[in-house]
Amino acid sequence: MTSGTPASQPPVDPAVRAELDRLRDSIDNIDAAVVHMLAERFKCTQQVGHLKAEHALPPADPAREARQIERLRQLAESAKLDPAFAEKLLNFIISEVIRHHEQIAEDSKR
């Protein structure tokens, strides 16, 4: 039995293990990049939230959100990613952005 292999599983061919490790390292790097990109995105949306609060604009912009969802669906299709998944992800992100904008607006009233 190799280290990290449960007793109920047969040993894995070292070449397969190496390929699995290589792919998992790539996945880990991509996950890190996604987190950093989301952090950058939220830095920008925080600035948008402050501008909206300063000028008494509503936290949500349904027309822009609809355009962004359609744009992301098209990008997803081009990238061979399920557009429904991309839309769900963007809807989650948008809901978080709106929540932040509402909080910024509330804080600016104090």
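The values are calculated or read from the model by the stated rules, or taken from the named source; none is laboratory data. Just so we're clear, the structure is a prediction, and the values are computed from it rather than from any experiment. Cβ coordinates were reconstructed from backbone atoms using ideal geometry, including for glycine residues, and neighbour counts include every protein chain displayed. To get the accessible areas, we keep the full protein, side chains included, count just its heavy atoms, and leave off ligands, DNA and RNA. Shrake-Rupley method; radii C 1.70, N 1.55, O 1.52, S 1.80 Å.
Provide the per residue accessible area, probe 1.4 Å, for the chain, rounded to a whole number of square angstrom.
Working: 8570 Å² over 110 residues.
With the other protein chains kept in place, the chain gives 78 Å² per residue.
Rounded to the nearest percent, how much of the accessible area of the chain (1.4 Å probe, protein heavy atoms only) is carbon and sulfur? Carbon and sulfur: 60 percent of the exposed surface of the chain. The local environment of Ala15, defined by Cβ-Cβ distances under 12 Å, has a net charge of -1 under the rule Lys, Arg +1 and Asp, Glu -1. GNM, the chain, Cα, under 10 Å: largest mean-square fluctuation among Val35, Val48, Val16? For the chain, modelled as a Gaussian network with Cα springs under 10 Å, the answer is Val16. Between Asp107 and Val12, take the C-beta separation as r, use R0 = 41 Å, and let me know the FRET efficiency to the nearest 0.05. Plugging the Cβ-Cβ distance into 1/(1 + (r/R0)^6) gives 0.20.
Tell me the mean residue ellipticity at 222 nm calculated for the chain from its helices only (DSSP H runs of n ≥ 4, each -39500 (n - 2.57), averaged over every residue, nearest 500).
Values: 3 runs with 84 residues, N = 110.
Rounded to the nearest 500, the figure is -27500 deg cm²/dmol.
Under 16 Å of direct C-alpha separation, and excluding same-chain neighbours fewer than eight residues apart, Lys88 reaches these aspartates and glutamates: Glu65, Glu70, Glu77, Glu96. Within the listed set Pro58, Pro14, Pro83, the residue fluctuating most in the Gaussian network model of the chain (springs between alpha-carbon atoms under 10 angstrom) is Pro14. When peptides 99-105, 23-29 are sorted by average Cβ neighbour count within 10 Å, with the highest value leading, the order is 99-105, 23-29.
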